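I have placed the structure first, in the form of structure tokens, so that the comments after it can refer back to it.
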Amino acid sequence: MNTPSIRTLQQKSVQYRRTLLSMIKRANTGHTAGSLSSVDILNVLYNRIMDVTPANFDDVVRDHYIQSKGHSVEALFTVLADAGFYPAAELDTFSRGGSHWVGHPTRKVRGVEHNTGALGHGLSVAVGLALGMKKDGLPHRVFTLLGDGELAEGSNWEASMTAAHYKLDNLTVIVDRNDLQITGLTEEVMALEPLADKFRAFGYAVREVNGNDIPELVEALEGVPFAAGKPSLLLAHTVKGRGISFIENVAAWHHHVPSDEEFRLALSELDQAEAALNGAHR
Amino acid sequence: MKLGRANLDEFGATVLALAEKDRDVLVVTSDSRGSGKLTPFGKALPDQIVEVGIAEQNLVGIAAGLTAAGKKVFAVSPACFLTARSLEQIKNDVCYSNWPVKLIGISAGVSYGALGSTHHSLHDFAVLRAIHNVTVVAPADNFETRAALTSALDYPAPVYIRLGKRPMYDLHEPDAHFEFGKAIVLRDGPDVTFVATGETVILALQAADKLAEEGIRCRVISMHTVKPLDEAALLAAARDSKALVTVEEHSVMGGLGGACAEVLLQAGVHVPFRIIGIPDEYTMTGSQEEIFRHYGITPEGLAQTAVGLLAVAAVD
């Protein structure tokens, strides 16, 4: 696999935002803000970190990804299309009656490993996968992405205990810490802090990064496991709605579709971001 | 009939034998290896047993993940917790995601009768029947237990098997044929059909013995697979009989009896019909036998129900 440069990844992130916003606009439904906060993480995982391709997908012997925060499926579908799992034209069917590209991940879509959507499920499944790979002595890793709001589900903490108990250093848990959930700030709905300390206490080796910064994500994820004999926890501080000024940090955009005018503005902001990126590297 | 062992003991021995032949066979337990009769398994094959502690949601999610990693996984937990506490994991992580986990509900029904309703599973048929992509099985004896487990091993879809604690009589010839979704006719007769499942099948057979003394000849069907139901066997029995009684260690709502009623009525087959199970009330507690007796789930009670239905049939 040829390793894409940081700049290529940054360009992809802009294009992914364009694609996922177009999907949501066309379908007139979708989880806009969470997809924008997490898409940089997925970009780095699929293009730089994980050994998962359409060619090896049917084999267990490869890296694995479970998206526990299933509502950010638009980001996942966008990245999988770019990775060649299916033609990008399939994204036009998103949320259409009878399409497999529904509002949460399902295995009917090639590249999706597990059906999610109900929160607090992905980590247990990822722990099972990581344990199974360890039992077979496989060197491959399991990655899972959790939302911060979903951490109120107790099953996450059951699974965390198991991950530490079985010393699953082939497991990397990434938390999309955008501080918002559908009702408002996580700290007002159900306080999570001190979150890094909680994860440390549960037995993870913890690192914190800016989860919308490609170089920081690459550096951190290339460094897993963070400690031998421990599961890795990457607390990725992100901005919900990242990349579109009027969507950033506004709870109402959790599941909100841009108007025609907002969509035009969003695309123009992305054009500017792309121009700035190209200018910076000229 | 020879008295065998508890279906749970048969489970422990069978799954150990399967795992000794195949290192991909794993059991996952939630502090339940003792009640699941898996202590010998844990000693013999420590690398093939996964303990998750008292965390049933996690148990089922991990079982799905291990299956995704290519393992053949028996997820073992008391039926009362497995099918209630972890119902969403069963629905989404196992059934919807289509990982062929073998869900083993131990000490099912009122096996833990005296421990109170927290420990009863009288809802499991009903809730699992309404979830797509799971086969629901209640073995009646050691043979059916062994056959169900062996069939589940490489079955390409999720299976739920519920097992009890009480020693069971051997009901089958050693060469009997077991297949998910295919009822086994244990006895034939033209008057009354008992369609029973799990640990109540023996009671239906004993009721048939009593009725035979009065010249009433019964068909007794072991409907070991509650879902998918063997509709053909049921419809044939209803057409051939003057009355039909269903028997189960489950609520009378949504279980075997409800499933049979759905099939019969929609097929336009009308026969005097009763559902025998645990009524919709604050369940009395006691041993499984005491609870069965309280609710008329006994050879005498079933025979009496059948005689009453035959009287209705005669008037019609």
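What follows draws every value from the coordinates through simple rules; no lab data is involved. This is a predicted model, so every value here is computed, not measured. Reconstructed Cβ throughout: ideal geometry from the backbone, glycine too, with neighbour counts over all protein chains shown.
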Task: Positive minus negative residues near A:G229 (Lys, Arg vs Asp, Glu; Cβ under 13 Å) - done: +2
Task: Value at 222 nm in deg cm²/dmol, rounded to 500, when DSSP H runs of n ≥ 4 in chain A each add -39,500 (n - 2.57) - done: -12000 deg cm²/dmol
Task: Average partner coverage of B:92-98, which counts Cβ from other chains inside 10 Å - done: 6
TODO: Note down the nm distance, to one decimal, between modelled labels 7 Å out along Cα→Cβ at B:E214 and at A:N278.
DONE: 9.1 nm
Task: Mean shadow area of chain A, taken as a quarter of the surface of its Cα convex hull (nm²) - done: 14.0 nm²
- [ ] Have a look at A:H237, A:H165, A:H100 and tell me which one the Gaussian network model of chain A (Cα, springs below 10 Å) gives the largest fluctuation.
- [x] A:H165
- [ ] List the residues of the range B:68-89 whose backbone N lies under 16 Å from a point placed 7 Å from the Cα of A:V60 along the Cα-to-Cβ direction.
- [x] B:68-75
Task: Loop-located GluC sites (Glu not before Pro) in the range B:124-230 whose Cβ has at most 14 other Cβ within 10 Å (DSSP) - done: B:E214
- [ ] Measure nothing fancy, just the Cα-based angle from helix A:73-82's long axis to the longest principal axis of chain A, in degrees from 0 to 90, nearest 10.
- [x] 80 degrees
Open item on the list: Placing unit charges on C-beta atoms (Lys and Arg positive, Asp and Glu negative, everything else neutral), compute the dipole magnitude of the range B:3-169 about its Cα centre in debye, rounded to 20.
Closed with: 200 debye
Task: chymotrypsin sites (Phe, Trp or Tyr not before Pro), loop per DSSP, at most 16 other Cβ atoms within 10 Å - longest free stretch of chain A - done: A:58-245
Task: Average beta-carbon neighbours from other chains, 10 Å sphere, peptide B:48-60 - done: 5
Task: Peptide A:59-66 - average C-beta neighbours from other chains (10 Å radius) - done: 2
Task: Max mean-square fluctuation residue, GNM over chain A, Cα-Cα springs under 10 Å, options A:A118, A:A266, A:A251 - done: A:A118
Open item on the list: For chain B, what does the helix formula give at 222 nm: sum of -39500 (n - 2.57) over DSSP H segments with n ≥ 4, over the residue count, nearest 500 deg cm²/dmol?
Closed with: -10500 deg cm²/dmol
Open item on the list: Using only the alpha-carbon atoms of chain B as identical scatterers, what base-10 log of I(q)/I(0) does the Debye formula give at q = 0.09, 0.15 Å⁻¹?
Closed with: -0.42, -1.14
Open item on the list: With the crude spin-label approximation of a point 7 Å out along Cα→Cβ, what separation in nm comes out for A:R110 versus A:S245?
Closed with: 4.2 nm
Open item on the list: Compute the angle between helix B:142-153 and the longest alpha-carbon principal axis of chain B, please, reported from 0 to 90 degrees and rounded to the nearest 10.
Closed with: 50 degrees
Open item on the list: Can you compute the equivalent ellipsoid semi-axes for the range A:19-59, i.e. the square root of 5 times each eigenvalue of the Cα gyration tensor, sorted largest first and rounded to whole Å?
Closed with: 25, 13, 7
Task: 5 angstrom amide H check on B:R219, placed H, neighbours 5+ away - done: B:G189, B:D191, B:V192, B:T193, B:F194
Task: Per-residue HN-Hα couplings for the range B:252-263 [Karplus 6.51, -1.76, 1.60; θ = phi - 60°; Hz; x = Gly/Pro] - done: 6, 9, x, x, 4, x, x, 4, 5, 4, 4, 5
Task: Cα point-scatterer Debye curve for the range B:139-253, base-10 log of I(q)/I(0) at q = 0.16, 0.22 Å⁻¹ - done: -0.73, -1.30
Task: Hydrodynamic radius (Kirkwood) for the range A:127-196, which is based on Cα pairs only, to one decimal in Å - done: 13.3 Å
Task: Residues of type aspartates and glutamates that B:K210 reaches as a straight line, Cα spacing below 12 Å, ignoring anything fewer than 8 places off in the same chain - done: B:E300
- [ ] Would you please put B:293-305, A:169-181 in order of how densely packed they are, using the mean number of other Cβ atoms within 10 angstrom per residue and starting with the highest?
- [x] A:169-181, B:293-305
- [ ] Per residue of the range B:50-58, in order, report the coupling 6.51 cos²θ - 1.76 cosθ + 1.60 (Karplus, θ = phi - 60°) as ³J(HN,Hα) in whole Hz, putting x for Gly and Pro.
- [x] 10, 9, 10, x, 7, 7, 5, 4, 4
- [ ] Distance check, please: which entries in A:K134/B:K227; A:K198/A:K230; A:K69/A:K135; A:K240/B:K91; A:K134/A:K230 exceed 24 angstrom between their Cα atoms?
- [x] A:K134/B:K227; A:K69/A:K135; A:K240/B:K91
Open item on the list: For Cα pairs less than 8 Å apart in space and 6+ apart in sequence, what is the mean separation divided by the residue count of the range A:1-106, i.e. the relative contact order in percent?
Closed with: 30 percent
TODO: Please report, to two decimal places, log10 I(q)/I(0) for the range B:3-169 at q = 0.20 Å⁻¹ as given by the Debye formula with identical point scatterers on the Cα atoms and no solvent.
DONE: -1.38
Open item on the list: From the gyration tensor of the Cα coordinates in the protein assembly as shown, what semi-axes in whole Å does the equivalent ellipsoid have, largest first, with each one equal to sqrt(5λ)?
Closed with: 53, 25, 20
Task: FRET E, pair B:A261, B:L115, Förster distance 35 Å, beta-carbon r, rounded to 0.05 - done: 0.70
TODO: Provide Rg and Dmax in Å for the range B:192-234, with only Cα atoms included in the calculation.
DONE: 11.1, 35
TODO: Would you please give the FRET efficiency between B:E281 and B:V315, computed as 1/(1 + (r/R0)^6) with r the Cβ-Cβ distance and R0 = 30 Å, to the nearest 0.05?
DONE: 0.55
